[in-house]
Amino acid sequence: MNTFSFKNKALYAESVAVTDLMAEYGSPLYIYSRGQIESNWQQFDQAFGDHPHLICYAVKANSNLGVLNVLAKLGSGFDIVSIGELERVIAAGGPYIATGLKENKFGVSFDRALALYKKAEFSKHLDVFGLDYHIGSQITEVSPFIEALEKALDLISQLKAEGIKMSHIDIGGGVGIAYNEEETINIEKYVQSVLDKVGDLEVILEPGRAIVGNAGIFVTQVEYLKQSGVKSFAIIDGAMNDLQRPSLYGSYHKAIAVEDNSKGIKDTWDLVGPICETGDFLAKDRELTLAQGDYIALMSAGAYGFVLSSNYNSRPRVAEVMVSGSNHTLVRKRETVGSLFENEFIFNNEIN
Ligand SMILES: Cc1ncc(COP(=O)(O)O)c(C=O)c1O
């Protein structure tokens, strides 16, 4: 699947020109590809074949109702971590909410697990039937997953020896994506190496980033170009509050000019927002040909993008749009400045 691709030197989301979407919905904008979300989910699902399994999309990666609804229609389960996420999934039409609320910040330590399972087995209020874990995020090799799986299966054998039988194993999320064409996990091989070890246990997976990451882009417009001699800055209308990952984690998102502009200036640019913070950048040292008014796409921004955005500097959160073939629809409208303070009140000394 090649969801975001160039046709006649212009970036397309499926069959829609990104500039057309910008003209219709405004800038900055998150754009999601329905086809890419579906194909990412199906890749996991199909790799399991007939083996009992459930792909539970990790809602925290992108909780937009439109995204959840696409996944619900595929038969996805949902991994949720709060009442808010539960209500979203119900509103989106998600029937399989397979995993519980993870209220313990980091679960229980592996060393205590055996004793706790034994205690739980004797409780008349608890039913023990599965072992769930999650080892981290943006993991680009299979070996840490297999190491964790072997440890977990060893615990399941110990439990079996104690008469406690498990019916499922939840191996969490964490499958990394290629932000800059780096090597990452081959889903079929990963799933096969899991299947080689789990016997007849049902397998639950909680991928977030691997489902939505490369299915979304963040598009922003160049407001002004500033070449100081030492450094060249493209001041854009998107900022750290809209896409936090670069300033929060130093994350890399590929930056692409949405259209070829023969009148642009070729240089090595820092893409910086209008917020007065040194951390307000979306990309650094990128060779691009740019002119004022051009659109730039920050690629693979579908996971931990909009969900981490904020209203810092009283900036309304941007709109989100979903594309499917040649159709497109708003899945979240742009906030208005007025809406940002509609729940705020002025302390009035004169009353009472
Ligand atoms: C318990 C749990 N499951 C699944 C995920 C999803 O991880 P990812 O988006 O890396 O697949 C997370 C993310 O932190 C998590 O904490």
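Taken over the alpha carbons of the range 1-86 as equal point scatterers, the Debye sum produces base-10 log I(q)/I(0) values at 0.15, 0.19, 0.22 Å⁻¹ of -0.69, -0.94, -1.08.
The convex hull around the C-alpha trace of the range 34-210, projected and averaged over every direction, spans 10.6 square nanometres.
Taking a sphere under 11 Å around the Cβ of ASN313 and counting the other residues whose Cβ falls inside, with K and R at +1 and D and E at -1, yields a net charge of -2. Each Lys and Arg contributes +1 and each Asp and Glu -1, all at the Cβ; summed about the Cα centre of the range 34-210, the dipole is approximately 580 debye.
Helical content alone sets the calculated 222 nm signal of the chain at -8000 deg cm²/dmol, taking -39,500 (n - 2.57) per DSSP H segment of four or more residues and averaging over every residue. The length gained on full extension between PHE341 and PHE122, counted as 0.36 nm times the residue separation minus their Cα-Cα distance, comes to 73.6 nm. Annotation: lysines with alpha-carbon distance below 27 angstrom to LYS254 (same-chain offsets under eight excluded): LYS7, LYS9, LYS60, LYS189, LYS226, LYS231, LYS263, LYS266, LYS284, LYS333. Note that the chain carries a Kirkwood radius of 22.2 Å, evaluated over its alpha carbons pair by pair.
Among PHE122, PHE347, PHE6, PHE145, a tally of other beta-carbon atoms within 10 Å of each Cβ gives an order, fewest to most, of PHE347, PHE122, PHE6, PHE145. The length gained by stretching the chain between SER39 and LYS160 to full extension, at 0.36 nm per residue less their Cα-Cα distance, is 39.8 nm.
Extension gain, SER143-LEU195: 0.36 nm per intervening residue step, less the Cα-Cα distance, totals 17.3 nm. Computed over the range 222-352, the convex hull of the alpha-carbon atoms projects to a mean area of 11.5 nm².
Using a cut-off of 12 Å between beta-carbons, work out the net charge of the residues near SER251 (Lys and Arg +1, Asp and Glu -1, SER251 not included). Value of the local net charge: +4. The residue among ALA148, ALA115, CYS276 whose Cα reaches farthest toward the positive pole of the charge dipole of the chain, with charges on the beta-carbon of Lys, Arg, Asp and Glu, is CYS276. Let's test the formula: R0 of 30 Å, r as the Cβ-Cβ distance of LYS7 and GLN227. What FRET efficiency results, to the nearest 0.05? Efficiency at R0 = 30 Å is approximately 0.45.
Taken together, the values in this text are just the output of simple stated rules run on the coordinates, not laboratory data. Treat the numbers as computed from the prediction; the structure is a model and nothing was measured. Positions of Cβ are backbone-derived with ideal geometry, glycine not excepted, and every protein chain shown enters the neighbour counts.
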